[in-house]
Amino acid sequence: MSLFNELKRRNVFRVAIAYLVIAWLLAQVADLAFDNFGTPEWVTKTVLFLLLLGFPLAVFFAWAFELTPEGLKKEKDVDRSTSITSHTGRKLDYSIIVLLVIALGYFVWESRLSDRTPVAISADTSVAVLAFENMSPDAENAFFAEGISEEILNVLASVDGLRVASRTSAFSFANSDTPIPDIASQLDVAHILEGSVRKQGTRVRITAQLIDAGSDTHLWSESYDRDLNDIFAVQEEIAAAISEALMGALGMGQITVSAPTDDMAAYELFLRGRQLFNQRAHALENSIADLQAAVGRDPEFAEAWSYLAASLELHTAYKLMSAATAKVVTRQAKDAADRALALDPNQALAVAVLGNIVEKTDPQEGIVMLDRAVEMAPNNATIIMWAAGARFIAGAYLDEALPMFERAYRLDPLSGINNGELGVAYLAAGRRELGHQHMRRAVELGYPYAADVEVLDLLWTGEIDAAVEAVKDLYVDDGYYESIDIERSREIGAKVLRREITSDEMSEIFASTDQYDGDYYTRVYYYQVLGDFDRMFDVWLAMDWEYEFMTRQVYTPSGRAVMEHPRMLEVAEKLLLFPVWEAKGYPFNCERVQDDIGDHLSCPNWPE
């Protein structure tokens, strides 16, 4: 008898086919289960190795043994004169058919999950990219997972016609059990992209899925197992796949992703530094360290230079430091931004940083540069908010600033600073209730600095108890007031608001403790509350750093007395505001007058 016939008679072919189908099904199920539970990659490899090892064993047992009605027997003990062989063969045939049906069903199910053809999806051109889950054995790789999702978000945000929810709002749902439709509703988007990243050594597995939020159905899903060096190609593939999945609704074209660096160690430092930059406050110091290390490894890494510039520039606002130190840090920020633009003129963040720096000495030119950055990155909520803030600080200019604040808020509605600055602008526009709503929301979202204007407004309207309660939010352990006794500061703040302390006594407190050293902002704020404008202006004019930020609290209903005080003209002179006011108009159509109190502004159209 030929070998082929003997293999057929002993059901070796049938057993081999059945084993292969079973092994394939087990591999698919194991891969799905292990991915969901974050099982290390070596477990998956071990399972695949055992399944492969089992194949020759299955073939050997099929050759050497026969399954009979009386049980398993050795081939030499089987009576071939009966119909045992055909009986066993029929059983195996039935089993193979059932297994093939199961395999086919699984294949169809998986194909539908991965189907990139748009089927009855929302035509709304909007998507939110949630922070990808870290499935790596090392919890420290969370920054890498978040960084990859932010990279994909940035690629999609550059697509014309596609509205992408900003990072701060989208990533606020990390580790949340909020249902997808609710997330989409809060972010005002029609689609959600979620996924996971598992990094181990030089290997990375990225799983992503696109969801139609209206029907809570998957439009597309895919997994990528690659070397770390291929990470940029994966980002391009994911963005292109989403483009294809939404083609009918969005009509997006080709998407390409260029590697910003060839040094993967520098890239990981950049991802961690950018994540820390997004946290602001005390995290900026570590952000600067990581980004400096990144550009140290790759001096041609333009985007890392941009974020280094932004981290340095913001550090002067979030950290109490001397004017001399602030000037050094600002110089470093400018150098980093210049370096970024020399490498890549399309670095919008670097242009915006330069705009922020220039705005301190030339408000008009600063606004021009920030507008240029907005044109370069029209979906960047942070840059839009900076451009709006420059207008507001220079002279309120609500016809320009308010729509920009609203635009930044729509792009990033769960950002604390976007809510806070929008709230102040609404207050300046006379929309008091809406202003307080956003200022309170800002505090809830971790931006306590909105409370300063809220306190002044509550005090102005006679709501003393509410003001005392709100002033507590000004002193939080966020890394800014690192040397201040928070509870004592809250007690002093309450006494100031209740007028239980005089301006002279407040001056003695400032002189007798070092907890307010360098914090001229608090001194200006308290003297304004106590109505001691001479001391307030003395301190304000003595400042040579971050003094322009305080004009935002002047352009609100409670600030009219400050604006009309003769010494406000000294502040305007120092802040170089007169050229802006002459070109764009005085805030709220104020007029410069001479009367019995001297040269000052008269503001009859001030918001109520």
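The values are calculated or read from the model by the stated rules, or taken from the named source; none is laboratory data. All figures in this text were calculated on a predicted structure; none of them were measured in a lab. No Cβ is skipped: glycine too gets one built from the backbone with ideal geometry, and neighbour counts run over all protein chains shown.
Here are some residues: Leu308, Leu291, Leu314. Which one is under 14 Å from Leu354 (Cα atoms) and either crowded, with 23+ Cβ neighbours inside 10 Å or among the β-branched types (Val, Ile, Thr) (or both)? If you could, list the steps in order and put the result at the bottom.
Numbers: Leu291 fails: under 14 Å from Leu354 (Cα atoms); Leu314 fails: either crowded, with 23+ Cβ neighbours inside 10 Å or among the β-branched types (Val, Ile, Thr) (or both).
Leu308 is the lone residue from the list that is under 14 Å from Leu354 (Cα atoms) and either crowded, with 23+ Cβ neighbours inside 10 Å or among the β-branched types (Val, Ile, Thr) (or both).
For residues that are part of a helix (DSSP H, G or I) and among the hydroxyl-bearing types (Ser, Thr, Tyr), scanning just the range 549-583, find the one that is surrounded by the most Cβ atoms within 10 Å (Cβ to Cβ). Break it down stepwise before answering.
The initial filter retains those residues of the range 549-583 that are part of a helix (DSSP H, G or I), namely 549-554, 557-563, 568-574, 578-583.
Okay, now just the ones that are also among the hydroxyl-bearing types (Ser, Thr, Tyr), so 551, 558.
Details: Thr551: 23, Ser558: 20.
For the range 549-583, the residue satisfying everything is Thr551.
Which of the residues spanning the range 190-207 are more than 19 Å from the chain's Cα centre (by Cα), buried (at least 22 other Cβ atoms within 10 Å of the Cβ) and not β-branched (Val, Ile, Thr)?
Result: Arg198, Lys199.
Pull up the range 551-608, narrow it to residues that are acidic (Asp, Glu) and in contact with a helix residue (DSSP H, G or I) (Cβ under 8 Å, 6 or more places away or on another chain), then point me to the one that is nearest to Met536 (Cα to Cα). Outline the logic, then answer.
Our first condition is that a residue be acidic (Asp, Glu); within the range 551-608, this holds for 564, 570, 573, 582, 591, 595-596, 599, 608.
From the residues that got through so far, the ones that are in contact with a helix residue (DSSP H, G or I) (Cβ under 8 Å, 6 or more places away or on another chain) too are 570, 599, 608.
Values: Glu570: 12, Asp599: 18, Glu608: 23 Å.
This residue is Glu570.
Is it fair to say Glu469 is at pLDDT 85 or above, under 27 Å from Phe277 (Cα atoms) and among the charged types (D, E, K, R)? Give the steps one after another, and end with the answer.
Values: at pLDDT 85 or above: yes; under 27 Å from Phe277 (Cα atoms): no; among the charged types (D, E, K, R): yes.
No; evaluated as a whole, the condition is false for this residue.
Going through the range 390-420 one residue at a time, which ones are within 23 Å of Asp362 (Cβ to Cβ) and either touching a residue at least 40 places away in the same chain (Cβ under 8 Å) or assigned by TED's automatic domain parsing to the domain that holds Arg167 (or both)?
Phe392, Ile393, Ala394, Gly395, Ala396, Tyr397
Scan the range 356-381 for residues that are within 15 Å of Leu312 (Cβ to Cβ) and within 24 Å of the chain's Cα centre (by Cα) and report the count.
Counting residues in the range 356-381 that are within 15 Å of Leu312 (Cβ to Cβ) and within 24 Å of the chain's Cα centre (by Cα) gives 2.
I'd like the residue in the range 524-540 that is of a type outside the set (Phe, Trp, Tyr) and more than 13 Å from Asp452 (Cβ to Cβ) and, out of all such residues, is modelled with the lowest pLDDT.
Going residue by residue through the range 524-540, those that are of a type outside the set (Phe, Trp, Tyr) are 524, 528-532, 534-536, 538-539.
This time we only want the ones that are more than 13 Å from Asp452 (Cβ to Cβ), so: 530-532, 534-536, 538-539.
Details: Leu530: 91, Gly531: 91, Asp532: 93, Asp534: 93, Arg535: 92, Met536: 91, Asp538: 91, Val539: 88.
Only one residue tops the list, namely Val539.
For Ala184, indicate whether it is more than 30 Å from Ala442 (Cβ to Cβ), touching a strand residue (DSSP E or B) at 6+ places or on another chain (Cβ under 7 Å) and in a helix (DSSP H, G or I). It would help to see each step written out before you state the result.
Numbers: more than 30 Å from Ala442 (Cβ to Cβ): no; touching a strand residue (DSSP E or B) at 6+ places or on another chain (Cβ under 7 Å): yes; in a helix (DSSP H, G or I): yes.
When the stated conditions are applied, Ala184 does not pass them.
Scan the range 382-396 and tell me whether some residue there is surrounded by fewer than 22 Cβ atoms within 10 Å (Cβ to Cβ) and over 18 Å from the mean Cα position of the chain (by Cα).
No; the residues of the range 382-396 include none that is surrounded by fewer than 22 Cβ atoms within 10 Å (Cβ to Cβ) and over 18 Å from the mean Cα position of the chain (by Cα).
Are any residues in the range 286-300 touching a Leu at 6+ places or on another chain (Cβ under 8 Å) and either on the phi > 0 side of the Ramachandran plot or not in a helix (DSSP H, G or I) (or both), and if so, which ones? Spell out the reasoning first.
Keep residues of the range 286-300 that are touching a Leu at 6+ places or on another chain (Cβ under 8 Å), which gives 286-288, 290-295, 297, 300.
Result: Glu300, single match.
In the range 126-154, how many residues are surrounded by 21 or more Cβ atoms within 10 Å (Cβ to Cβ), of a type in the set (A, V, I, L, M, F, W, C), in contact with a helix residue (DSSP H, G or I) (Cβ under 9 Å, 6 or more places away or on another chain) and in a helix (DSSP H, G or I)?
Of the residues in the range 126-154, 4 are surrounded by 21 or more Cβ atoms within 10 Å (Cβ to Cβ), of a type in the set (A, V, I, L, M, F, W, C), in contact with a helix residue (DSSP H, G or I) (Cβ under 9 Å, 6 or more places away or on another chain) and in a helix (DSSP H, G or I).
Among the residues of the range 379-403, how many are outside any helix (DSSP H, G or I) and among the aliphatic types (A, V, I, L, M)?
Kept after step one, since they are outside any helix (DSSP H, G or I), are these residues of the range 379-403: 379-380, 396-397.
Adding the requirement that they be among the aliphatic types (A, V, I, L, M) leaves 396.
Qualifying residue count, the range 379-403: 1.
So Asp262 fits all but one of (1) among the acidic types (Asp, Glu); (2) at pLDDT 85 or above; (3) assigned to a helix (DSSP H, G or I); what number is the exception?
Only one criterion is unmet by Asp262, namely (3).
One residue is enough: does the range 396-407 have a residue meeting the conditions touching a strand residue (DSSP E or B) at 6+ places or on another chain (Cβ under 9 Å) and not β-branched (Val, Ile, Thr)?
First pass over the range 396-407, keeping only residues touching a strand residue (DSSP E or B) at 6+ places or on another chain (Cβ under 9 Å): none.
No, the range 396-407 has no match at all.
Could you list, in sequence order, all residues of the range 584-608 that are β-branched (Val, Ile, Thr) and part of a loop (DSSP other than H, G, I, E, B)? Quick ask: steps written out before the conclusion?
Step one: of the range 584-608, the residues β-branched (Val, Ile, Thr) are 593, 597.
Selection gives Ile597 alone.
Can Thr330 be described as modelled with pLDDT under 95 and either buried (at least 18 other Cβ atoms within 10 Å of the Cβ) or of a type in the set (Gly, Ala, Ser) (or both)? So that I can check it myself, show each step before the final result.
Numbers: modelled with pLDDT under 95: yes; either buried (at least 18 other Cβ atoms within 10 Å of the Cβ) or of a type in the set (Gly, Ala, Ser) (or both): yes.
Yes, satisfied.
Would you be able to say whether some residue in the range 361-378 is surrounded by fewer than 20 Cβ atoms within 10 Å (Cβ to Cβ), free of Cβ contacts under 8 Å to residues at least 24 places away in the same chain and not in a helix (DSSP H, G or I)?
yes
Regarding Ala157, is this residue in the same structural domain as Met135 (by TED's automatic domain parsing), closer than 22 Å to Tyr447 by Cα and in contact (Cβ under 8 Å) with a residue 12 or more places away in the chain? Don't jump to the end; show me each part of the working.
On the way: in the same structural domain as Met135 (by TED's automatic domain parsing): yes; closer than 22 Å to Tyr447 by Cα: no; in contact (Cβ under 8 Å) with a residue 12 or more places away in the chain: yes.
Taking the combined requirement at face value, the residue does not satisfy it.
Ala324 - would you say it is at pLDDT 90 or above and part of a helix (DSSP H, G or I)? Reasoning before the result, please.
Working: at pLDDT 90 or above: no; part of a helix (DSSP H, G or I): yes.
So Ala324 does not fit the description; no.
Residue by residue through the range 271-318, note down the ones that are closer than 22 Å to Asp227 by Cα and touching a residue at least 40 places away in the same chain (Cβ under 8 Å).
Filtering the range 271-318 down to residues closer than 22 Å to Asp227 by Cα leaves 271-272, 294, 297-298, 301.
Hits for the range 271-318 are Leu271, Arg272, Phe301.
Can you confirm whether Met369 is within 22 Å of Ala572 (Cα to Cα) and either modelled with pLDDT of 95 or more or of a type in the set (Lys, Arg) (or both)?
Numbers: within 22 Å of Ala572 (Cα to Cα): yes; either modelled with pLDDT of 95 or more or of a type in the set (Lys, Arg) (or both): yes.
So Met369 fits the description; yes.
Could you please find all residues in the range 410-437 being in a helix (DSSP H, G or I) and surrounded by fewer than 24 Cβ atoms within 10 Å (Cβ to Cβ)?
Applying the first criterion (in a helix (DSSP H, G or I)) to the range 410-437 yields 410-411, 416-428, 432-437.
Result: Arg410, Gly416, Ile417, Tyr426, Arg432, Glu433, Leu434, His436, Gln437.
If only one of Asn346, Asn356, Asn278 is surrounded by fewer than 20 Cβ atoms within 10 Å (Cβ to Cβ), polar (S, T, N, Q) and part of a helix (DSSP H, G or I), which one is it? Give the derivation first.
On the way: Asn346 fails: part of a helix (DSSP H, G or I); Asn356 fails: surrounded by fewer than 20 Cβ atoms within 10 Å (Cβ to Cβ).
Being surrounded by fewer than 20 Cβ atoms within 10 Å (Cβ to Cβ), polar (S, T, N, Q) and part of a helix (DSSP H, G or I) holds for just one of Asn346, Asn356, Asn278, which is Asn278.
Could you list, ordered by first residue, the pairs with Cβ atoms under 6 Å in which the first is in the range 39-59 and within 13 Å of Arg205 (Cβ to Cβ) and the second is at pLDDT below 75 and in a helix (DSSP H, G or I), at least 6 apart or interchain?
From the range 39-59, the pairs are Thr44/Phe34.
Regarding Glu406, is this residue farther than 18 Å from Tyr318 by Cα and crowded, with 17+ Cβ neighbours inside 10 Å?
Values: farther than 18 Å from Tyr318 by Cα: yes; crowded, with 17+ Cβ neighbours inside 10 Å: no.
Here the answer is no, as Glu406 does not meet what is asked.
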